[in-house]
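Notes for the one structure printed next.
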Amino acid sequence: MDRDVILTMRGIEIQFPGVKALDGVDFTLRRGEVHALLGENGAGKSTLIKCLTGVNKMDAGKIELEGKEIRPTNPQNAMDLGISTVFQEINLCDNLSVAENIFIGRQPMKRGQIDWKEINRRSKELLERFHIHIDVTRPLSQFSTAIQQMVSIARAVDVDAKVLILDEPTSSLDNEEVKRLFDVMRSLKAQGMGIIFITHFLDQVFEMSDRMTVLRNGHLIGVYNAGDITKLELVSSMIGKDLDQIFDLKRATQKEGAAMQLQADHIGVPGKVEDISFSQKKGELLGFAGLLGSGRTETAEMIFGVTKTQNGTLVIDGKTVKINEPMDAINHKIAFCPEDRKRDGIIGDLTIRENIALALQARRGMMKPMSRKEQDELADKYIKLLAIATPDAEKKIKELSGGNQQKVILARWMATDPDLLILDEPTRGIDVGAKAEIQRLMLQMCEDGMSIIFISSELDEIIRCSNRIIVMRDGKKAGELSGEGCTQADIMRIIAGEKVGETA
């Protein structure tokens with residue numbers, strides 16, 4: 001056996017009802033290596049990781065850690081063996097302190113009592129390795145999602161793991177926090193830890209990875225050294241198509257003389273968004289760009305009534321309206337797909353059918369319940385229209401991949417036949433193929449006359465899809481650009497406080 005190899009998975013097979021999730025997949029991880037595990041949603045990445053962490057039971061195959069065969073029975077057992085995982089969804093206890101979360105289940109003791117002084121000291125030192133200086137005695141709930149993610153990573157690092165699995169660890173981090181994480185990953189790599197890195201950010205894959213394994217439809221497609229494959233070749237390997245086929249997109253044509261859909265005049269909520277004004281025509285795709293915390297999401301939440309506007313006026317279809325709660329927005333034919341689909345979008349234990357029917361049923365009211373036949377027809381229609389990968393509509397939505405969950409949320413709101421659809425980070429954490437499908441769907445809906453507000457941290461897709469772009473900074477509108485001919489540099493200059501081109 002190669003002494004550099006720390007983990008070997010051979011011939012892994014897992015069968016779920018109606019689908020073979022993994023079909024003879026091999027995977028090898030070396031000491032001191034960052035190994036990217038890549039593929040579209042539904043390719044088998046999560047299934048392979050769940051197999052390694054004891055969540056899924058193998059139907060066939062063998063796992064060896066440091067040359068010895070292992071069969072993890074659950075995540076705690078895997079951790080005891082030296083396999084630690086940080087999942088995309090933060091699985092900590094936000095009512096406990098930061099320090100308690102880091103040491104839960106393995107608290108140092110002194111004279112038969114938990115040594116809180118030692119726990120707090122070690123937690124503070126550990127987080128300082130990430131350049132995070134916070135009061136570790138405060139409840140985790142008092143900190144941002146990004147800090148919570150870093151706490152989760154810190155806990156995983158501190159258990160003396162031989163293998164560290166990072167599942168979309170950067171999805172909630174800003175650029176500076178990503179740099180800190182990468183510094184820690186390089187340090188762990190230098191100490192000989194093997195790191196499995198799952199991400200949809202291909203720039204990060206090429207920056208951090210030594211090797212890449214690509215899965216597609218439960219099969220191993222290839223293993224590549226980072227220097228031996230281009231980004232285009234990697235994407236083609238993941239999708240099974242040429243990149244031009246994937247992103248053959250053309251932004252919706254803004255129709256001349258289109259009526260005004262929405263006018264926001266000096267709306268705001270003190271401390272969140274200060275005095276923002278903008279307008280949007282029917283059939284227009286209006287992009288919102290800016291850094292995390294710039295006010296993009298807060299603006300969307302005001303329009304949908306999640307946050308009540310305290311200043312200014314909203315005009316919809318030429319009429320001044322008051323939107324005090326989401327039901328008001330729904331009645332004005334506004335729909336909203338939120339940024340955090342796990343927390344605010346899906347109801348995991350309900351079926352696809354039930355999740356799709358939710359918004360339409362809410363608009364009808366509980367005195368006019370949808371029949372089971374109506375629900376079935378609605379679900380079947382959108383499963384076909386959006387190509388949602390599922391054997392049937394009765395599958396629980398939590399069992400779907402991230403991209404397919406996003407499609408179900410889209411279906412829910414499309415079923416209400418909205419005039420204005422607000423999409424907050426609709427492509428975050430999903431693969432390139434699903435991302436292209438959702439972008440194509442957005443553009444088609446605009447061509448058909450729907451207005452879309454599109455919020456994204458990925459500037460290339462904002463530019464590619466938007467007719468106009470509102471750039472936010474510090475809770476204010478910092479500028480406005482035409483999507484056509486706009487560059488990422490233009491947007492970044494506005495974010496930095498410079499005036500560019502058509503900046504208003």
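The values are calculated or read from the model by the stated rules, or taken from the named source; none is laboratory data. Just so you know, these numbers come straight off a predicted model, no measurement behind them. Cβ: placed from backbone, ideal geometry, glycine included. Neighbour counts: every protein chain shown. Protein only, heavy atoms only, side chains kept; ligands, DNA and RNA dropped before computing areas. Shrake-Rupley method; radii C 1.70, N 1.55, O 1.52, S 1.80 Å.
Remarks
- Residue satisfying condition, being out of contact with any Lys or Arg (no Cβ under 6 Å at 6 or more places or on another chain), among the basic types (Lys, Arg), at pLDDT below 90 and surrounded by 14 or more Cβ atoms within 10 Å (Cβ to Cβ), within set 281, 255, 231, 308: 255
- Residues of segment 122-142 that are surrounded by 14 or more Cβ atoms within 10 Å (Cβ to Cβ) and over 16 Å from residue 157 (Cβ atoms): 134, 137, 139, 140.
- Criterion: assigned to a loop (DSSP other than H, G, I, E, B) and buried (at least 22 other Cβ atoms within 10 Å of the Cβ) - qualifying residue of 32, 105, 42: 42
- Looking only at segment 289-304, residues that are outside any helix (DSSP H, G or I) and open to solvent by 50 Å² or more (accessible area, probe 1.4 Å) come to 3 in all.
- Residues that are under 19 Å from the mean Cα position of the chain (by Cα) and open to solvent by less than 10 Å² (accessible area, probe 1.4 Å) within segment 153-167 comprise 153, 165, 166, listed in sequence order.
- Criterion (under 25 Å from the mean Cα position of the chain (by Cα), free of Cβ contacts under 8 Å to residues at least 40 places away in the same chain and at positive phi) met by exactly one of 44, 54: 54
- Matching entry among 409, 463, 438, 452 (being in a strand (DSSP E or B) and β-branched (Val, Ile, Thr)): 452
- Selection from segment 190-217 of residues that are open to solvent by 60 Å² or more (accessible area, probe 1.4 Å) and over 18 Å from the mean Cα position of the chain (by Cα): 190, 191, 206, 207, 216, 217
- Residue match in segment 130-149 (condition: closer than 30 Å to residue 339 by Cβ, in contact with a helix residue (DSSP H, G or I) (Cβ under 8 Å, 6 or more places away or on another chain), of a type in the set (Phe, Trp, Tyr) and part of a loop (DSSP other than H, G, I, E, B)): yes
- Members of segment 327-343 found to be under 13 Å from residue 426 (Cβ atoms) and part of a helix (DSSP H, G or I), listed by number: 341
- Checking each residue in segment 280-313 for being small (Gly, Ala, Ser), more than 19 Å from residue 327 (Cα to Cα) and under 28 Å from the mean Cα position of the chain (by Cα) picks out 283, 287, 289, 290, 293, 294, 295.
- Selection count where residues are out of contact with any Ser or Thr (no Cβ under 8 Å at 6 or more places or on another chain), surrounded by 17 or more Cβ atoms within 10 Å (Cβ to Cβ) and over 17 Å from residue 330 (Cα atoms), scope segment 344-377: 5
- Test: residue 307 is within 26 Å of residue 146 (Cβ to Cβ) and either touching a helix residue (DSSP H, G or I) at 6+ places or on another chain (Cβ under 9 Å) or in a loop (DSSP other than H, G, I, E, B) (or both): yes
- Answer residue from segment 466-491, given it is part of a loop (DSSP other than H, G, I, E, B), touching a strand residue (DSSP E or B) at 6+ places or on another chain (Cβ under 7 Å) and not hydrophobic (A, V, I, L, M, F, W, C) and is surrounded by the fewest Cβ atoms within 10 Å (Cβ to Cβ) among those: 483
- Those residues of segment 172-181 which are under 21 Å from residue 194 (Cα atoms) and touching a residue at least 12 places away in the same chain (Cβ under 8 Å), in sequence order: 178, 180, 181
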